[in-house]
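*Asks:* This is the structure I have questions about; it appears just below.
Every number in this text was worked out from the coordinates using simple rules, so none of it is lab data. Predicted model only: the values in this text are computed from it and were never measured. Every residue, glycine among them, receives a Cβ derived from its backbone with ideal geometry; neighbour counts consider all protein chains shown.
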Amino acid sequence: MVRSLERKLIEKAAAGDKAAAAKLIKAHQGSLYAYILRMSGKPEMAEDIVQDAFVRVLMHLDRFDPRFRFSTWLFTIAKRLYLNANQKLKPHYDSEIVSSWGADTSAPSAPTIQDEVDVNARGCIQSALDALSDEQREVILLFHQQNWSINAIAKHLEMPEGTVKSHLHRGRQRMRRLICDDQTQKQHVSEVWS
Amino acid sequence: MRPDRSQPDNPNDSTPNVDSYFDRELTPESIESLFDSMNQSRAQRDQFDDTQSMLDDLRNPVEAPDFSGQVLGEVGQRRGWLSSKGRRMVFVGRLATAACLLLVVSGLLLVRRNNPEAFQPATTSGPVSEFVEASGVEAGASMRALSEGLLSIEEKCQPTVKRATISVSVCETRCGKSRTRVQASARQDFSTPLSPGLGDWLSAGNVELTIVVSSFASHQTAGPGHDTPINNWLIAPERSDRLPSFEASSVGGPRLINVADWTATGSQGR
């Protein structure tokens, strides 16, 4: 969406124009949903977060700083909501023993049987994304899925551009490796069954 | 397991690597050079194809549900939406407020221009004792005003006949069935405000007037030159039938004026 048009829509929506607000939602809902869906891997969670993010944004349109992009603001709010939702979903351990057992996962990179099951259950891309660190996943999605610039991502994540690039390279390498491994494994399985 | 193909085959090769391409860092010339080198290096081409395929999958559009209905409904419940007419009214209201503010500021600036000292704080400071003394005086005055106010309220609440003194200047008098022009005004210390028409005021039936002749007004037609006895003056409202009598003071001393015996026309005022 052209920025000047977007700004007009924001002004109208802030003044109480329902049609302008609807246009804003329709312009951004696809990209935001795709981003949160890829971040979380859970469609229900993504729907809740996207809806909540739009409600919050529309309720506080008067606080929008027109120097920045609307999508940046929207994505920032959605990301905070995603982090909050993730925090709520984290399991809470009652005893120290269980807690220490849960924390003792020093080598999570090695694929396990559960990982394989997950790979088959969800899409290959989503599994590869899930295997990345939060920063790598977010950088990959913002750069390759949302077409943000390195500079914009650096500002959004409040980290140096070099760090963003580093996350981007490592994340991409790791994803590629995971996908290749998965394809090799599938190839072996098909060879056995054929 | 396939080998890691993220690095170019030859590290010393100056050909741009695949990652730079996907980082959108290559110029068109560099991209051409990369594609040329990929034609000669299978590993590099595989790396490119794998990455491109992966990113294509990542960019595949996701079918997103339409959130607009739910979101607009929720926002409408919390904040409400305005029709175009409502928005116009808000706009006009804001404009009017801005205009009022502008007027106020302009007015203040105008006053300041005409009287620059109006907004300047006092340049001299007095001792604390003066301040305390002034505060005491002000407090005393406030208390007096308060007590007077309370008294006046008390008076208003009492259904008694009210008395007032009106100073009267006789302007013109004639003997007998004469016409008299009288100007009456309420004294400053009379707390009950006089209504505009003396006749109306008297007709309320709860007010008794004491008429006092003060003096001849120099600018008026009556006076020593007219050779008219001052005690022949007359005052009565036009609708005198509602007024039984009222007491007046003249040079000859207080006397009761019976309205039935006198007629008068003329102007009366505060």
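*Asks:* Between A:Ala19 and B:Phe131, how many nm apart are label points set 7 Å from Cα along the C-beta direction?
*Replies:* A separation of 6.3 nm, rounded to one decimal place.
*Asks:* For the pair B:Asn114 and A:Thr163, what calculated FRET efficiency results from E = 1/(1 + (r/R0)^6), where r is the Cβ-Cβ distance and R0 = 56 Å, to the nearest 0.05? The partial results should precede the final answer.
*Replies:* Values: r = 64 Å, r/R0 = 1.15.
The calculated FRET efficiency here is 0.30.
*Asks:* Please give me, ordered by residue number, the trypsin sites (Lys or Arg not before Pro) of segment A:15-91 that lie in loop per DSSP and have at most 12 other Cβ atoms within 10 Å. Don't skip to the end; give the middle numbers.
*Replies:* Numbers: sites: A:Lys18, A:Lys23, A:Lys26, A:Arg38, A:Arg56, A:Arg63, A:Arg67, A:Arg69, A:Lys79, A:Arg80, A:Lys88; in loops: A:Arg67, A:Arg69.
When the trypsin sites (Lys or Arg not before Pro) of segment A:15-91 are filtered for loop state and at most 12 Cβ neighbours within 10 Å, A:Arg67 remain.
*Asks:* Hey, with R₀ at 22 Å, roughly what FRET efficiency would B:Arg59 and A:Leu83 work out to, going by the Cβ-Cβ distance, to 0.05?
*Replies:* Working: r = 24 Å, r/R0 = 1.10.
So the FRET efficiency works out to roughly 0.35.
*Asks:* Could you tell me which of A:Met45, A:Ala78, A:Ile10 has its Cα farthest along the dipole of segment A:1-79 towards the positive end, charges placed at Cβ (Lys, Arg +1; Asp, Glu -1), taken about the Cα centre?
*Replies:* A:Ile10
*Asks:* Here is a further query. Quick one: length gained pulling B:Ala99 to B:Glu29 fully straight, 0.36 nm per residue minus the C-alpha distance?
*Replies:* Working: separation 70, 0.36 × 70 = 25.20 nm, distance 6.06 nm.
Result: 19.1 nm gained on full extension.
*Asks:* Any idea what the dipole of segment B:35-136 comes to, in debye rounded to 20, about its Cα centre with Lys/Arg Cβ at +1 and Asp/Glu Cβ at -1?
*Replies:* 860
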